[in-house]
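S.K.: To start, I am sharing the structure in question, which I have written as structure tokens.
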Amino acid sequence: MTTRTAASSATVGGGGPQAETRCPVSGEAFDQSFFRAPAVPVFCNVLCEDREQALAVPSGPIDLCYCPSSGLVFNTAFDPALVDYNPRYENALHHSPRFRAYAEATADRLIGRYRAKGQTVVDVGCGDGYFLDLLCRRGAGRGVGFDPAYPSDRAAAASDRVTIRREYFQGLGDTASAALLCCRHVLEHVAEPVRFLRTIRRGLTPETVVYFEVPNGRWLLETGGVWDVIYEHCGYYTASAIRALFEVAGFEVLDVAEGYERQFLWVEARPSAPVQYAPPEHEGLSDVVSVFADRVRRKLAGWRMRLDEWRACGRRAVIWGAGSKGVTFLNLLDRSPSGSTIVAAVDVNRRKQGCFVAGTGHPIVAPDALGPLGVDTVVLMNATYRDEVAGMIEGLQTGGRVSVLVAEDPGERWEKRE
């Protein structure tokens, strides 16, 4: 386990040969990297109670490689030994009305499509239990969740129909007859996905449907989404890669689709006979990988220039969103809040407010801190929340004009005047 003592820098393209690492889906060797970051926080979504704790978080390298056979992007420098999930891990998104609407629509679709009304549902990596409780409130009969990072202070908040076990999932046991098993935003954290899926498959009835949701690797590559490249995620799945993975692990794939403005990719499947890996039919992504490298170079250079200009003219800015995107943005571009134009990170998640950004030490504040901090510029980390955030900012007493820019596309901006 290492701790950073020097600024992190990212490099894209031009990566040379490295020690042989094989794609966990195709089994073929990676031999070329296209994005490297030597030291980034092992966890973006960790609660740091003071600045010293934030600066001392463990770090690890990222070395992204692409498998042209399967379509998988993988961090070949990932070390599972560095990753230890505990109750200080906090990545809940349901504090946003926009995300809650998406989660509710997903729950309704799954219960209706797979006849889970009144049935047992399981959630592997359930976080704070929000989605599992939602499934039960929308019609499922009983919910069982597994997550070692489940906060102990949430236990009393769980519904009578929901049981959450603060442990890693080891097998279904008494929940083997579940009608539906969900696993959302977990698979991308798993270094051995075939083994993980086979563990889940054991004991499932042929009628059980599994629903997995991950960040969309193709969307990340096509948009140059460098803010979504984090150490916690060792695998970045495209539709072809996730389909091939499930088939090799012994599932019949029922559906694969993109959602949440293409940021998410989901797969629905049921147990079947494992098949031998065969390269899936998909459009080659080699050109998209090259475009990613070019876009990231330009994006990082453009933001460095913009931050220098803001610093020179005395602007006071915040980023809006202290999740993975915001933490990565600050770690790649603004390592220290001392003398910085970015004075804080805003987040609507109350568990994060009063904490500090992992790796940089920026304070995390509530939206109503914009006025007292004298903020004149907001960098919105996720454009999906543009309308939601615009409405909140309009309702704040900021004491003057506030410009809002979107991190992925700074050309998209609006202003709030007082």
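S.K.: Residues of segment 230-243 being buried (at least 24 other Cβ atoms within 10 Å of the Cβ) and under 24 Å from D84 (Cα atoms), which ones?
M.R.: Kept after step one, since they are buried (at least 24 other Cβ atoms within 10 Å of the Cβ), are these residues of segment 230-243: 230-231, 233-238, 241-242.
Answer for segment 230-243, where residues must be buried (at least 24 other Cβ atoms within 10 Å of the Cβ) and under 24 Å from D84 (Cα atoms): I230, Y231, H233, C234, G235, Y236, Y237.
Conditions tested, residue by residue: (1) at pLDDT 95 or above; (2) polar (S, T, N, Q).
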{"site": "D334", "(1), (2)": "no, no"}
{"site": "S340", "(1), (2)": "no, yes"}
{"site": "A344", "(1), (2)": "yes, no"}
{"site": "D347", "(1), (2)": "no, no"}
{"site": "R350", "(1), (2)": "no, no"}
{"site": "Q353", "(1), (2)": "no, yes"}
{"site": "G359", "(1), (2)": "no, no"}
{"site": "P363", "(1), (2)": "yes, no"}
{"site": "P367", "(1), (2)": "no, no"}
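S.K.: Shifting gears a bit: Return the only residue of Y211, Y236 being hydroxyl-bearing (S, T, Y), farther than 20 Å from T163 by Cβ, at pLDDT 95 or above and not in a helix (DSSP H, G or I).
M.R.: Details: Y211 fails: farther than 20 Å from T163 by Cβ.
Among Y211, Y236, only Y236 is hydroxyl-bearing (S, T, Y), farther than 20 Å from T163 by Cβ, at pLDDT 95 or above and not in a helix (DSSP H, G or I).
S.K.: Kindly establish whether L307 is hydrophobic (A, V, I, L, M, F, W, C) and surrounded by fewer than 23 Cβ atoms within 10 Å (Cβ to Cβ). Show your work before the answer.
M.R.: Values: hydrophobic (A, V, I, L, M, F, W, C): yes; surrounded by fewer than 23 Cβ atoms within 10 Å (Cβ to Cβ): yes.
When the stated conditions are applied, L307 passes them.
S.K.: When you look at F196, is it part of a strand (DSSP E or B) and under 29 Å from I111 (Cα atoms), yes or no? Before you say what the answer is, go through the steps one by one.
M.R.: Numbers: part of a strand (DSSP E or B): no; under 29 Å from I111 (Cα atoms): yes.
Judged against the criteria, F196 is not a match.
S.K.: When you go through (1) among the polar types (S, T, N, Q); (2) in contact with a helix residue (DSSP H, G or I) (Cβ under 7 Å, 6 or more places away or on another chain); (3) at pLDDT 90 or above one by one for S159, which number turns out not to apply?
M.R.: S159 satisfies every listed condition except (3).
S.K.: Among W303, W310, which is the only one that is over 23 Å from the mean Cα position of the chain (by Cα) and among the aromatic types (F, W, Y)?
M.R.: Details: W303 fails: over 23 Å from the mean Cα position of the chain (by Cα).
Of the residues listed, the single one that is over 23 Å from the mean Cα position of the chain (by Cα) and among the aromatic types (F, W, Y) is W310.
S.K.: Give the residues of segment 31-75 that are of a type outside the set (K, R), surrounded by fewer than 21 Cβ atoms within 10 Å (Cβ to Cβ), over 19 Å from the mean Cα position of the chain (by Cα) and not in a loop (DSSP other than H, G, I, E, B), sorted by residue number.
M.R.: Correct list: P38, E52, Q53, L55.
S.K.: Is segment 221-228 home to any residue that is in a helix (DSSP H, G or I), more than 21 Å from N331 (Cβ to Cβ) and either of a type outside the set (K, R) or at pLDDT below 95 (or both)?
M.R.: Keep residues of segment 221-228 that are in a helix (DSSP H, G or I), which gives 221-223, 226-228.
Restricting the remaining residues to those that are more than 21 Å from N331 (Cβ to Cβ) gives 222.
Then drop every residue that is not either of a type outside the set (K, R) or at pLDDT below 95 (or both), which leaves 222.
Yes: one or more hits.
S.K.: Return yes or no: is R100 among the basic types (K, R) and assigned to a helix (DSSP H, G or I)? Break it down stepwise before answering.
M.R.: On the way: among the basic types (K, R): yes; assigned to a helix (DSSP H, G or I): yes.
Spelling it out, R100 is indeed among the basic types (K, R) and assigned to a helix (DSSP H, G or I).
S.K.: Turning to a different aspect of this structure: Every residue in segment 244-291 that is assigned to a helix (DSSP H, G or I), crowded, with 19+ Cβ neighbours inside 10 Å and either free of Cβ contacts under 8 Å to residues at least 60 places away in the same chain or within 18 Å of the chain's Cα centre (by Cα) (or both), please.
M.R.: F246, E247, A249
S.K.: State which residue is modelled with the highest pLDDT when the search covers only segment 198-208 and only residues that are buried (at least 17 other Cβ atoms within 10 Å of the Cβ) and of a type outside the set (V, I, T).
M.R.: Filtering segment 198-208 for residues that are buried (at least 17 other Cβ atoms within 10 Å of the Cβ) and of a type outside the set (V, I, T), the one modelled with the highest pLDDT comes out as R201.
S.K.: So, in segment 292-304, exactly how many residues are in contact with a Pro (Cβ under 8 Å, 6 or more places away or on another chain) and surrounded by 13 or more Cβ atoms within 10 Å (Cβ to Cβ)? Show your work before the answer.
M.R.: First, pick out the residues of segment 292-304 that are in contact with a Pro (Cβ under 8 Å, 6 or more places away or on another chain): 302-303.
Now restrict to residues that are surrounded by 13 or more Cβ atoms within 10 Å (Cβ to Cβ): 303.
Residues flagged as in contact with a Pro (Cβ under 8 Å, 6 or more places away or on another chain) and surrounded by 13 or more Cβ atoms within 10 Å (Cβ to Cβ) within segment 292-304 amount to 1.
S.K.: Of T208, T163, which residue is out of contact with any Phe, Trp or Tyr (no Cβ under 6 Å at 6 or more places or on another chain), of a type in the set (S, T, Y) and within 19 Å of V256 (Cα to Cα)? So that I can check it myself, show each step before the final result.
M.R.: Working: T163 fails: within 19 Å of V256 (Cα to Cα).
Sole residue among the options that is out of contact with any Phe, Trp or Tyr (no Cβ under 6 Å at 6 or more places or on another chain), of a type in the set (S, T, Y) and within 19 Å of V256 (Cα to Cα): T208.
S.K.: Looking only at segment 34-47, how many residues end up being among the small types (G, A, S) and in contact with a Phe, Trp or Tyr (Cβ under 9 Å, 6 or more places away or on another chain)? Break it down stepwise before answering.
M.R.: Within segment 34-47, the subset among the small types (G, A, S) is 37, 39.
Narrowing further to those that are in contact with a Phe, Trp or Tyr (Cβ under 9 Å, 6 or more places away or on another chain): 37.
Here the count works out to 1.
S.K.: Turning to a different aspect of this structure: Name every residue in segment 175-197 that is surrounded by fewer than 18 Cβ atoms within 10 Å (Cβ to Cβ) and either hydroxyl-bearing (S, T, Y) or without any contact (Cβ under 8 Å) to a residue 24 or more places away in the chain (or both), in order of residue number.
M.R.: S177, R195
S.K.: Ok, one more. In segment 326-361, what count of residues is obtained for those that are touching a Phe, Trp or Tyr at 6+ places or on another chain (Cβ under 7 Å), in a loop (DSSP other than H, G, I, E, B) and touching a residue at least 40 places away in the same chain (Cβ under 8 Å)?
M.R.: Step one: of segment 326-361, the residues touching a Phe, Trp or Tyr at 6+ places or on another chain (Cβ under 7 Å) are 328-329, 333, 341, 346, 358.
Still in the list and also in a loop (DSSP other than H, G, I, E, B): 341, 358.
Cutting the leftovers down to touching a residue at least 40 places away in the same chain (Cβ under 8 Å) gives us 358.
Residues in segment 326-361 being touching a Phe, Trp or Tyr at 6+ places or on another chain (Cβ under 7 Å), in a loop (DSSP other than H, G, I, E, B) and touching a residue at least 40 places away in the same chain (Cβ under 8 Å): 1 in total.
S.K.: Is there a residue in segment 201-219 that is closer than 20 Å to Q119 by Cβ and of a type in the set (F, W, Y)?
M.R.: yes
The values are calculated or read from the model by the stated rules, or taken from the named source; none is laboratory data. Source: prediction; values computed, not measured. Here the Cβ is made from the backbone with ideal geometry for all residues, glycine too, and neighbour counts use every protein chain on show.
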